[in-house]
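Each remark here refers to the structure printed beneath this line.
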Amino acid sequence: MSPSITRGDVAPHGSAQKSRRRVGAVVGVLVCICRLTALWLWRGRAQEPADLPGPSASVEQVAAVYWSAAKDGDCSTTRAPTTSQTWARCEDPKLVSFHLDGRPQVLRAEGGRPERTCVAAQIVSTGSSDGSMTAGERP
């Protein structure tokens, strides 16, 4: 004997309920995808470097942009001019404050290093997690 389904039995109601669940699940997945896309776009904008000074900018301008970005935690801007041998100072260690001291100084080329121009700064930063830099103030 095969069971018969008549109007009002559980089977049609169960099918409608399953269908509603599927639609709800699809809507939930779409909302999740939209939120993730929005977050990805927002984070992408947050990671773009701020307006970096051009090649004709003075050393003081470049230093001011770098240290301000480090203080604000703008890692993409501090990493733009940073080499693999220096810290970006936006996360580890983190810059707490800075003050540019005086005029730029030209350092002569020696020991295979090219001539370079430096701007002295007094900085206060956190220590690095690997212990290679202690927290505190330094020139």
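Okay, here's what the table says:
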{"quantity": "Heavy-atom accessible surface of the range 52-139: percent carbon and sulfur, 1.4 Å", "calculated": "51 percent"}
{"quantity": "Theoretical FRET efficiency, 1/(1+(r/R0)^6), r = Cβ-Cβ of Gln61 and Ser129, R0 22 Å, to 0.05", "calculated": "0.10"}
{"quantity": "Listed peptides 53-61, 108-116, 88-96 by packing density, highest first (mean Cβ within 10 Å)", "calculated": "88-96, 53-61, 108-116"}
{"quantity": "Residues of the range 64-124: accessible area per residue with a 1.4 Å probe, Å²", "calculated": "64 Å²"}
{"quantity": "Furthest towards positive pole of dipole, Gln105, Thr83, Val62, structure part the range 53-120, Cβ charges", "calculated": "Gln105"}
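The values are calculated or read from the model by the stated rules, or taken from the named source; none is laboratory data. Computed from a prediction, not measured in an experiment: that's the story for all the values here. Quick reminder, even Gly has a Cβ in these numbers, built from the backbone with ideal geometry, and neighbours come from all protein chains shown. In case anyone asks, the SASA skips ligands and DNA or RNA and just uses the protein heavy atoms, side chains included. Shrake-Rupley method; radii C 1.70, N 1.55, O 1.52, S 1.80 Å.
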